[in-house]
Amino acid sequence: MPAPPAGPAPAPAATVQPTPVATATPPASANAGSPPAGAPEPPKRPLALVLDTDILDDLQAMLGEEVDRLIDVFLDDTPRLIKALENAAAGPDYDALRDAAHSLKSSAANLGAMSLSAAAKRVELAAREKSLERPAVAVALIANEFARARQQMLARRPAQQA
C-alpha cells in the first residue's frame, strides 16, 4: 500500500484576468449634479454627527448639572485652541498644529462633538506626518465645525432646564 502524501496537495495555478480600469472622465452634461438614468448611486460615506446627544445624556446622568459647567469650559476654551491652530497654520508650525488639534479632538469627543473631533483628528494626523495641505483651510473647517457644535450645545440647554 502506498504511503499517503506528507502534506496537502499543491493547489492548481489560478489564472488571473486583469480588471480594466476606466481612466476617462465622462463629459459634463446639463445634469452634472445627478447621475445618468439607470446608473448606480455612488456609495455614501457616513458623516460624523455634529453632536452625539447620547454622550451628553450619559454625562448628564453621571454628573448632573456639572455637565453644563463642562460645556461652558469647552465653549470658552475652544476659541483659544482655534486661535492657536490659526497661528500655527500661518507658519505652518506642524508641532503646534498637532498639539492643538490633539487637545481639541479629545475634548470635543468627550462632549459628543463628533464632527469637530473628526476634523481635528484629520489635522492632527496630517500635521504629525507634516503632510497637511492648505493648513488654513483645514483650520477654517475646524472653526466651522465648532460653530455648528456650539449652536447645537446651546440649543440643547433650554430643553434640559425646562
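The values are calculated or read from the model by the stated rules, or taken from the named source; none is laboratory data. Predicted model only: the values in this text are computed from it and were never measured. FYI the Cβ positions are ideal-geometry reconstructions off the backbone, even for glycines, and counts take in every protein chain you see.
Looking only at the range 134-149, filter to residues that are out of contact with any helix residue (DSSP H, G or I) (no Cβ under 6 Å at 6 or more places or on another chain) and farther than 14 Å from Leu85 by Cα; which one of those is surrounded by the most Cβ atoms within 10 Å (Cβ to Cβ)?
If we filter the range 134-149 for residues that are out of contact with any helix residue (DSSP H, G or I) (no Cβ under 6 Å at 6 or more places or on another chain), which is where we start, we get 134, 137, 140, 144, 147-148.
Still in the list and also farther than 14 Å from Leu85 by Cα: 147-148.
Values: Ala147: 12, Arg148: 14.
Once the filter is applied, the top-ranked residue is Arg148.
Given the conditions (1) among the β-branched types (Val, Ile, Thr); (2) under 13 Å from Met153 (Cβ atoms); (3) at pLDDT 95 or above, report the number of the one that Thr53 does not fulfil. It is condition (3) that Thr53 fails. Do you know which of the residues in the range 102-145 that are of a type in the set (Ser, Thr, Tyr) and in contact (Cβ under 8 Å) with a residue 60 or more places away in the chain is nearest to Leu49 (Cα to Cα)? Checking each candidate, the answer is Ser115.
Among the residues of the range 48-74, those identified as in a loop (DSSP other than H, G, I, E, B) and either touching a residue at least 40 places away in the same chain (Cβ under 8 Å) or of a type in the set (A, V, I, L, M, F, W, C) (or both) are Ala48, Leu49, Val50, Leu51, Asp52. Within the option set Asp68, Asp99, being at pLDDT below 95, surrounded by 10 or more Cβ atoms within 10 Å (Cβ to Cβ) and over 15 Å from Ala149 (Cβ atoms) holds for one residue only, Asp68.
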